[in-house]
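Undergrad: Supplied in structure tokens, the structure appears directly below.
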Amino acid sequence: MEAAKKQNVTNQLLAVKTASGKTYSQLATETGLTNVYVAQLLRRQAHLKPDTVPKLREALPALTDELIGEMMSPPWRSYDPNLIQEPTIYRLNEAVMHFGESIKEIINEDFGDGIMSAIDFYCSVDKIKGVDGNNRVVVTLDGKYLSHSEQRTENMVSRLNLKGSTSE
């Protein structure tokens, strides 16, 4: 049921965007968000924050109070497993799989044992001209570095709380 509701709301949000005639990049400029985050908002993959509502309403005046309310509720972050068959998404996945081990090694060399967050994360897509004059796609993944922690029992709050409690 939740998936059907999400799809219905998403269809309405994308219809508002289409009717506006604006691109994600234009909406990003008007709202101060990245173009990918705007797309995530309109696809119900991101949570609309109260401070952003006035800018989004100005950029997309056809948004109803009901749609804004939906966008301000925590999203149902999901994807269609068949999405991998779409050529652009397949190629993005292929690029990450092909370059992933090298990227991981460089992250570990430069930062230590850890990962890039996908929560404290920014993403954008930009169009540039290459040295050969051809159009090129630049996908920027900008995530906070998160160090893996050594799991020492003296730092484990739940263990510390257990020592102070009695079970009867």
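Undergrad: Any idea which of (1) surrounded by fewer than 11 Cβ atoms within 10 Å (Cβ to Cβ); (2) in a strand (DSSP E or B); (3) among the β-branched types (Val, Ile, Thr) is the one Val131 doesn't satisfy?
TA: (2)
Undergrad: From the residues in the range 142-168 that are more than 14 Å from Ile115 (Cβ to Cβ) and in a loop (DSSP other than H, G, I, E, B), which one is modelled with the lowest pLDDT?
TA: Taking the candidates together, the pick is Glu168.
Undergrad: Within the range 100-109, is even one residue open to solvent by less than 90 Å² (accessible area, probe 1.4 Å), among the hydrophobic types (A, V, I, L, M, F, W, C), touching a helix residue (DSSP H, G or I) at 6+ places or on another chain (Cβ under 7 Å) and part of a helix (DSSP H, G or I)?
TA: Scanning the range 100-109, I find no residue that is open to solvent by less than 90 Å² (accessible area, probe 1.4 Å), among the hydrophobic types (A, V, I, L, M, F, W, C), touching a helix residue (DSSP H, G or I) at 6+ places or on another chain (Cβ under 7 Å) and part of a helix (DSSP H, G or I), so the answer is no.
Undergrad: Then there's this: Would you confirm, using the coordinates I've provided, whether Ser78 is touching a helix residue (DSSP H, G or I) at 6+ places or on another chain (Cβ under 8 Å), part of a loop (DSSP other than H, G, I, E, B) and in contact (Cβ under 8 Å) with a residue 40 or more places away in the chain?
TA: Judged against the criteria, Ser78 is a match.
Undergrad: Could you tell me whether the range 147-161 includes any residue that is open to solvent by less than 80 Å² (accessible area, probe 1.4 Å), free of Cβ contacts under 8 Å to residues at least 60 places away in the same chain and of a type in the set (Val, Ile, Thr)?
TA: no
Undergrad: Do any residues in the range 116-144 that are more than 23 Å from Leu27 (Cβ to Cβ) have Cβ atoms under 6 Å from those of residues that are open to solvent by 90 Å² or more (accessible area, probe 1.4 Å), where the two are at least six apart or on different chains, and which pairs are they?
TA: Hits for this filter: Ser117/Lys144; Gly130/Arg136.
Undergrad: Oh, and also: Identify, by number, the condition in (1) open to solvent by less than 80 Å² (accessible area, probe 1.4 Å); (2) among the hydroxyl-bearing types (Ser, Thr, Tyr); (3) not in a strand (DSSP E or B) that Ser124 doesn't meet.
TA: Unmet for Ser124, out of (1) open to solvent by less than 80 Å² (accessible area, probe 1.4 Å); (2) among the hydroxyl-bearing types (Ser, Thr, Tyr); (3) not in a strand (DSSP E or B): (3).
Undergrad: Here is a follow-up. Mind checking whether some residue in the range 18-25 is modelled with pLDDT of 95 or more and farther than 24 Å from Asp126 by Cβ?
TA: Within the range 18-25 (the criterion being modelled with pLDDT of 95 or more and farther than 24 Å from Asp126 by Cβ), the answer is yes, since at least one residue qualifies.
The values are calculated or read from the model by the stated rules, or taken from the named source; none is laboratory data. None of the values given here were measured: they were computed from a predicted structure. Cβ atoms come from the backbone with ideal geometry, glycine included; neighbour counts cover every protein chain shown. Side chains are part of the model used for accessible areas, which takes the heavy atoms of the whole protein and leaves out ligands, DNA and RNA. Shrake-Rupley method; radii C 1.70, N 1.55, O 1.52, S 1.80 Å.
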